[in-house]
Every structure is written in structure tokens, then in C-alpha cells.
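Below is one structure, written out as C-alpha cells, with a few remarks after it.
Read-outs throughout are calculated quantities, based only on the coordinates presented, and are distinct from any laboratory measurement. This is a predicted model, so every value here is computed, not measured. Please note: Cβ atoms are built from the backbone with ideal geometry, for glycine as well, and neighbour counts cover all protein chains shown.
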Amino acid sequence: MDRPGFEGTKYMCSPSPRDAAASAGLWDMIRMGTLDMVSSDHSGWGYMSPVGKRVHGTNAPFSDIPDGVPGLASRLPILFSEGVGKGHIDPCQFVRLTAANPARLFGLYPRKGTIAPGADADLVLWDAQKQVTITNDVLQHVIDYTPYKGLSVTGWPVATIRRGQVAMRDGKVVAEPGSGQFLARAPYDLIKPTGRLPFGFDASAYQV
């Protein structure tokens, strides 16, 4: 973030980047099961775009620069490379963190998040040995930069199968435009209050 001129804004996000000690703590929480999903709000903004980071000019104060970085397209390869590749998690934990647990937490299980009769045939074919240097042109997003440019990762998706049909192969989207489906969700057990209150704080007592 200390790069010259306006370039540091490429790395502005909340929470801000942390040091190696904080990273080690996060891996501990993942292994303990305290954190059971790895995700992001993907608040990405273009760098050169006049409606992105520069919307208020290149001399704008910190508070007027759009906050957030693009990470959706690179999240899984980085998680696999740093997590599985460096021994922080195993491949089964990677699948739980990125597919099985999110499906349960968002009320999409068992249609999503499992390989079983009756579920959608959603699969990712993953080359665990494929080495890729991340650049913006290998990512499937419309933002004009990636903060991970130049990062080398080991492990890369080579095909995506959605509802039994190939949607991506070798970095090229082959699904027909408009072929996605909206999945409505009814109430489900995992969103019910558990009765466990952090530090005894009951927000319902302060309703106005």
C-alpha cells in the first residue's frame, strides 16, 4: 500500500492486509473448526475505470476512495496452494471449506455441496500439480487488475461441470449465456438461533 502515487489503492480493503502472525492464527482457527468456510464479499473496483478507484480523482482523500479488492477468481487457487500445498489443511478440508460447508450454511444442501443421487452434478476438475503465475488475463472477471499479479500458485481448476454440463474447460467459459438458475431458499436449521450468546450479549434485548 506504500507504492508511489495512486497505485497503493489497488490493495485497499477492509479488513486491511495483516502480517504473517495473523495469517498463522487464521490457519489455526480453520484447523480447529472455529472458521468453517473461506469466502469474501468480493468488493472489487476497477483501477483505471473512472467509476472505480478513481471515481473521486487520484488526489482524493482516503475516505473517498472505494474500498475493496477483486479476489473471487483467484481465491480457490490461492487457498489450495497456500493451504493444501503448504500442509495447513488437507484436500478434504479444502472441499469442506469451499463447497460442502457453504452449501449447508446457505441452505443449498443437499442439492448443492455433495456428490450424491438427486444432487446437481456440480464438479470441479482440479489439477493439483498445475503451476500458474497469476496475471489478470488468466482470471474470469471484468476488473482491470488483480492485487495478486505475479503470485505463483500450485493447483488450478481445469474444468467446471454444472448440472452435468461442462461450463468451463481450460480457462474458457463454454456455458451458454443465461443458462444459470436462481435457487430460492426456504428457512433451514442452520440459521436458527442456538441460544449461545457471545460474552452474554443478547441483541434482542436492545431492539428499538
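Out of curiosity, is Gly155 of a type in the set (Gly, Ala, Ser) and buried (at least 18 other Cβ atoms within 10 Å of the Cβ)? Against the criterion (of a type in the set (Gly, Ala, Ser) and buried (at least 18 other Cβ atoms within 10 Å of the Cβ)), Gly155 qualifies.
Reported count of residues in segment 159-174, each being of a type outside the set (Gly, Ala, Ser) and outside any strand (DSSP E or B), is 3. When residues in segment 143-152 are screened for being more than 11 Å from Pro77 (Cα to Cα), touching a residue at least 40 places away in the same chain (Cβ under 8 Å) and surrounded by fewer than 17 Cβ atoms within 10 Å (Cβ to Cβ), 1 of them pass. Listed by first and then second residue, the pairs with beta-carbon distance under 8 Å, at least 6 apart or on different chains, first residue in segment 170-183 and within 17 Å of Ala159 (Cα to Cα), second of a type in the set (D, E, K, R), are Ala175/Arg162.
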